[in-house]
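Input: a single structure, listed below in structure tokens.
The values are calculated or read from the model by the stated rules, or taken from the named source; none is laboratory data. Quick caveat: nothing in here was measured; it's all calculated off a predicted structure. Please note: Cβ atoms are built from the backbone with ideal geometry, for glycine as well, and neighbour counts cover all protein chains shown. In case anyone asks, the SASA skips ligands and DNA or RNA and just uses the protein heavy atoms, side chains included. Shrake-Rupley method; radii C 1.70, N 1.55, O 1.52, S 1.80 Å.
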Amino acid sequence: MKILMAATEAVPFAKTGGLADAVSALSIALAQEGHEIRIIIPRYYSIDRNNLQYLEGALGVPMGGREEWSAVYTTNLPGAPVKNPVSVYFIDHEQFFGRDGIYGVPSEPDFLDNPRRFTFFSRAVFQLCRKLSWYPDVVHAHDWPLALVPVFLKYGERIGGLAKTVSVLTIHNLGYQGIYHKDNYYYSNLDGNVFYEAGFDDWNMMNFLKAGINTADKLNTVSPNYAAETQTPAYGFRLDGVLRYRAADYRGILNGIDTKVWNPAIDRYIPKPYSIKDMEGKIKAKEALQKEFKLPLEPDIPIIGLVTRLTEQKGVGELFGPAYGSAWSICQDMRLQMVLLGSGDPWCENEIKNLSYRLANFKARIGYSEAESHLIEAGSDFFLMPSRYEPCGLNQMYSLAYGTLPIVRNTGGLADTVENFNQDTGKGTGFIFNDLTPQAIYNTVGWAVWAYYNCRAQVDAMRILGMKQDFSWKKSARQYSALYEEAIAKAAKTS
Ligand code: ADP
Ligand code: GLC
């Protein structure tokens with residue numbers, strides 16, 4: 001099959017979170033299965049044109065009664081099979097993407113012209129196909145910024161070479177829907193009646209994701225449990241009804257992890273590789289982590305690691321909220337060390353800095369670091385993810401692969417990938433709690449620390465069990481190709 005991945009992020013070019021990992025790793029896994037994959041992303045300011053190849057000729061994109069002109073650059077996706085390379089196309093438009101930030105900057109977290117930027121980019125997807133005379137069987141759109149792709153396909157673009165093309169929409173995070181003033185609809189060049197027909201209407205605002213959900217041939221989210229949760233009012237962010245309506249076409253497909261990057265046996269960021277057969281490298285990684293974060297070099301004290309965006313989704317309020325978050329009492333009351341790497345909401349960054357001044361056993365780095373994230377995964381004993389909601393979550397899978405036991409909330413993909421410790425049978429791969437409260441986090445970290453000191457053999461057995469799990473993308477890629485087939489079959493039946 002020919003598949004065009006349309007997204008706003010893809011490693012190693014642009015990343016704010018797991019979306020970037022998922023887009024590239026899925027593309028590679030599908031290419032390994034023999035599919036012809038191409039990716040389209042914007043050419044952000046941070047992506048150096050000098051490393052890309054320029055494609056002759058401008059790309060015109062009709063928008064709001066005029067044409068926006070852009071350039072196209074290309075390169076191959078690193079890590080894709082040599083015999084079946086994946087081309088990445090970059091749409092270069094100075095006004096929309098020639099600035100710092102992908103969705104925003106700290107002073108303007110959601111750029112005011114985002115609806116216009118991503119309407120442009122979604123329309124460019126089709127213009128690129130025409131420019132290349134390359135017509136995919138499936139356009140696979142990711143998240144709200146590309147949610148107009150299925151809408152454009154249904155209302156107008158399914159012509160010529162694209163007459164048989166179908167759309168698949170993946171929801172990586174229902175918390176971000178792209179809800180804007182409906183004046184922005186003008187840029188879409190869609191008829192006025194499509195605003196209601198496609199279901200853009202959201203209390204008189206324009207909801208990008210809602211229209212995408214309504215019109216995509218097939219859709220999915222990134223874990224089976226989140227697919228079920230999002231169809232309930234508690235997790236549906238007001239779109240649970242729309243998702244229930246599409247239930248027959250809506251799946252949950254678990255993300256995988258890139259096993260070339262996240263694999264302790266070949267990890268170049270850790271002092272000594274390790275595997276189930278020889279775990280010495282994990283002890284060395286712990287020592288290196290303590291050195292790196294200037295913690296006392298004690299081999300026999302449990303380290304709790306965190307690598308996260310500091311936003312409400314990740315449960316940081318319950319952990320670091322001034323006066324009620326439990327991180328303070330966890331570090332005060334328990335014999336452990338805690339190490340955090342992250343960036344995000346300013347209040348939370350400040351609170352974390354504050355804690356690290358006041359607590360000798362809590363160290364934090366505010367910022368983004370690939371190297372340190374690997375060292376934390378390898379050197380920690382436990383990895384904490386108290387997410388409010390988690391569509392899939394990658395870090396708990398990295399943790400399992402590194403023999404680091406996840407402490408997670410019973411939600412989304414966390415519940416699909418971690419098995420709770422059972423003290424009677426000794427089985428399990430991590431520690432799970434239900435309620436998102438500071439007390440529940442405190443108690444469950446306490447339980448894990450207690451197990452570390454009192455059931456070491458069981459804890460070590462859990463590490464090995466986690467390391468044996470298969471989280472490679474192969475299985476997920478097969479589920480995606482089945483979903484593509486279903487979309488094609490469905491479109492053939494109705495056309
Ligand atoms: P989300 O996409 O919601 O942030 P995921 O668990 O799917 O959550 O993916 C997060 C990804 O971003 C992981 O690859 C994680 O290692 C990475 N990450 C997040 N914050 C940082 C950071 N400060 N430094 C390095 N990597 C980070
Ligand atoms: C989103 C979700 C995260 C998921 C990632 C990749 O950022 O928050 O849970 O793992 O997308 O699909």
Of everything in region 233-270, what is aliphatic (A, V, I, L, M) and either modelled with pLDDT under 95 or surrounded by fewer than 18 Cβ atoms within 10 Å (Cβ to Cβ) (or both)? Give them in sequence order. 234, 247, 248, 257, 261, 265, 266
Report whether or not residue 221 is over 15 Å from the mean Cα position of the chain (by Cα) and over 24 Å from residue 158 (Cα atoms). no
The one condition in (1) within 15 Å of residue 390 (Cβ to Cβ); (2) touching a residue at least 60 places away in the same chain (Cβ under 8 Å); (3) buried (at least 24 other Cβ atoms within 10 Å of the Cβ) that residue 230 fails to fulfil: (2)
Between 106, 62, which is open to solvent by 10 Å² or more (accessible area, probe 1.4 Å), over 28 Å from residue 397 (Cβ atoms), within 16 Å of ligand 1 (Cβ to nearest atom) and touching a residue at least 60 places away in the same chain (Cβ under 8 Å)? 106
Please give the number of the condition residue 28 fails out of (1) in contact with a helix residue (DSSP H, G or I) (Cβ under 6 Å, 6 or more places away or on another chain); (2) open to solvent by 10 Å² or more (accessible area, probe 1.4 Å); (3) within 16 Å of ligand 1 (Cβ to nearest atom). (1)
Return the residues of region 117-163 that are within 16 Å of ligand 1 (Cβ to nearest atom) and open to solvent by 10 Å² or more (accessible area, probe 1.4 Å); say none if nothing qualifies. 143, 144
Some residue of region 383-399 being open to solvent by 10 Å² or more (accessible area, probe 1.4 Å), away from ligand 1 (no atom under 15 Å from the Cβ) and modelled with pLDDT of 95 or more: no
Of the residues in region 190-206, those that are open to solvent by 90 Å² or more (accessible area, probe 1.4 Å) and either closer than 12 Å to residue 177 by Cα or part of a loop (DSSP other than H, G, I, E, B) (or both) come to 191, 203, 204
Kindly establish whether residue 112 is open to solvent by 50 Å² or more (accessible area, probe 1.4 Å) and at pLDDT 95 or above. yes
Residues satisfying the stated conditions in region 335-376, i.e. part of a strand (DSSP E or B) and either within 16 Å of ligand 2 (Cβ to nearest atom) or in contact with a Lys or Arg (Cβ under 8 Å, 6 or more places away or on another chain) (or both): 337, 338, 339, 340, 341, 342, 343, 344, 363, 364, 366
